[in-house]
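Single-structure report; data block below.
The values are calculated or read from the model by the stated rules, or taken from the named source; none is laboratory data. Please read these numbers as outputs of a predicted model, since none were measured by experiment. As a convention, Cβ positions derive from the backbone with ideal geometry for all residues, glycine included, and neighbour counts pool all protein chains shown. Just the protein is used for accessible areas: all its heavy atoms, side chains included, with ligands, DNA and RNA removed. Shrake-Rupley method; radii C 1.70, N 1.55, O 1.52, S 1.80 Å.
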Amino acid sequence: MKLTLPAIVLLVVMVTSPLAAGLKASGSKIIDSSGNEVTLKGFNWFGFNNGQTMVDGLWSNNALSGDFATVVRRQKLLGFNAVRLPFSFKDFDLTPRDFERQNCIIPTDKVLAESVAPLGTKNLGSPPTLENPPPKSAYAGNTCNGYLPKDSVRDRFMYVVEFYAKNGFYVMIDNHLREDQTALEDADAWASKYADLIKDLTADKEVESKLIVDILNEPDNYGVSWDEMTDLYLLAMDQIEATGANVMYAVEGTQQGLLFANWGDGFATERIEELGLGDPRPFFNKLMTKPYENRVMLSPHVYPSSVTFNTNNATGDGLFYRLSTSFGTKTQEPGYCNSNGDCIIFPIAIGEFGSKFEMEDDITFMNDFADYLNNEGPAKDGRHVAIPNWFYWSWNANSGDTGGLVTDNWIDLEWRKMQYLENNLGLEPWYTRSDDKASPVPEPLPVPPTDPSPVPPPPPPPTVPSPPPPPLPPTDPSAACSVRIEKSGIWPTATASARVYNVFVKNTGSDTIKSGWDLEISGDPITAILSAWNWEPSLTNTGTIRGQGTESWLSIAPGSEVNIGLIIEGLNLSNTSPNAVTLNGQACALEQGRIGY
């Protein structure tokens, strides 16, 4: 094909021009374009994945929690330099909600400083400002969030990413599979959307220098195998590379439940045949032929027993063995080696971990996990190096199983968590530079671990209940419906086996189904419900799941659907499926979703 001169010039620029200043790997370290090591001390903040069309919590006219830029300033004063933003491509099609807040007065520096320091801290002085805050004119009339884009959710998401990057944060964006199955429904369309998004984001070179793309969240949620993920990962990265973008990628593991590594973990390349694990070696082998092989990090998720339901030796040597077998050995010489003897070492950034710090087993885990990341004490196993990069789950107070770094009012901080990050994982809050610091909040006391077994049980995903938008007007509760149940792969428990049900309830009628509806699911030999999110199910004497959607935001408008879920245990789940679903006593059309590997 004959090209005009401008097209030729464009082609040359895209293919042969020097790469922009993106992050890359140097062994187990992340470095910037100048060769300086970058360590990520981050948190997760969700909202672009659950229909809210913005990060959650901006619901008050108190600017300490209700004004986005003010919250970002608080986060930076706390010492964080990175944020992980879950998102859904499907949410980009929603109408943006209005987050403008009237009578919203920006706090004085004194009030702001006191909001991010332990009670009693003295001589704080004036806290640093953001490098690039919104213009003062944006707050005219004591209005907060007037600077947020209102034309589309995608533009708003891009604004949030750019705002963080221009104020000194590294930004990991994360396509959340639980709420967004675009990758499984149409892989080519998904990769194309990804490429377009990254191309638009990296038009700003400062964003490009700080952007990390966590390609797909927790593939085990849908039982996606390593064979499938190899194709999906490489498809997305290849298409993003074709745009000329120079970004770092994060990949998550899958299909290693028999090592008890799940939900973002699962990178083991040894004992594959012995344990019947999914095999990531073909992915690593293909990655080593790509020009971006030095721009890929591994990003597992690791949680304690309150989230995973793992009460059987999920600490100590058993925990250390599993983590090193999965990803720790990839951080030191020789790393992963292919059959030709070529080897690669990866940086690790823990994409999610967290706890309410209430259960003794959780406190033991959190202390052991800190030892593992620091490569100290009994966790210094000779199989890994220190891992300084992490994203705590989460800022959100509405994270059901971990709680947030902020309390339910989204203003006050959970100081036990903050002190854990400061004293154990190297977080350096601004207030630590005070001449007269407050007495630190007592750390959780270590709890002696039980005798560990070689490997702990599998973690299911952390639940993330969505917060309520304004309730819909009440209508007749009966309506036509369809229900789609997506099922994960099976993993063993102490007494039976377990799997995740991700349930989508759609209103196919013409009237709104108001909240308070009653849903029944029958047909599987279920013995227990281990956990649930967004509804309140129980198990009847006949083995039927019955539950209510009581939150006001669970009203279902005509043509709309809501997402609920649960983790079930049973004796023979591999070859069975639900065979009937009713909503308010009416039978719903039932669609069986994806069954895992």
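The table for this structure:
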{"read-out": "Length released on extending from A587 to C337, taking residue separation times 0.36 nm less the Cα-Cα span", "value": "84.6 nm"}
{"read-out": "Principal axis dimensions, segment 316-421 - Cα atoms, whole angstrom, descending", "value": "56, 23, 19"}
{"read-out": "Distance cut-off 19 Å, percentage of C-alpha pairs in segment 271-329 lying past it", "value": "48 percent"}
{"read-out": "Cα convex hull volume per residue for segment 509-559 (Å³)", "value": "92 Å³"}
{"read-out": "Distance from segment 242-300 to segment 360-390 (C-alpha centre basis), Å", "value": "21 Å"}
{"read-out": "Carbon + sulfur, % of accessible area of segment 98-250 - ligands and nucleic acids excluded, 1.4 Å", "value": "50 percent"}
{"read-out": "Rg(Cα)/(2.2 N^0.38 Å) for segment 183-222, N = residue count", "value": "1.37"}
{"read-out": "Cα-based radius of gyration of segment 364-437 once divided by 2.2 N^0.38 Å, which approximates compact folds", "value": "1.27"}
{"read-out": "Accessible surface, per residue, of segment 69-205 when the full set of protein chains is kept, probe 1.4 Å, Å²", "value": "40 Å²"}
{"read-out": "Nearby lysines by direct alpha-carbon distance to K514 (threshold 25 angstrom, same-chain neighbours under 8 apart not counted)", "value": "K90, K506"}
{"read-out": "Highest to lowest packing among 294-304, 236-246, scored as the average C-beta count within 10 Å", "value": "294-304, 236-246"}
{"read-out": "Unsatisfied cross-links (Cα-Cα over 30 Å) in the set K29/K122; K29/K166; K122/K356; K290/K356", "value": "K29/K122; K290/K356"}
{"read-out": "Scattering profile of segment 281-373 at q = 0.10, 0.12, 0.19 Å⁻¹ [log10 I(q)/I(0), Debye over alpha-carbon scatterers]", "value": "-0.33, -0.46, -0.88"}
{"read-out": "Order by protection proxy (mean Cβ within 10 Å, highest first), peptides 558-569, 207-218, 534-545", "value": "207-218, 558-569, 534-545"}
{"read-out": "Prolate/oblate/rounded call for segment 16-152, Cα gyration tensor, a/c under 1.5 rounded", "value": "oblate"}
{"read-out": "For segment 231-335, accessible area per residue (1.4 Å probe, heavy atoms of protein chains only), Å²", "value": "28 Å²"}
{"read-out": "Packing-based ranking, highest mean first, of 139-149, 325-335, 257-267 given that Cβ atoms within 10 Å are counted", "value": "257-267, 325-335, 139-149"}
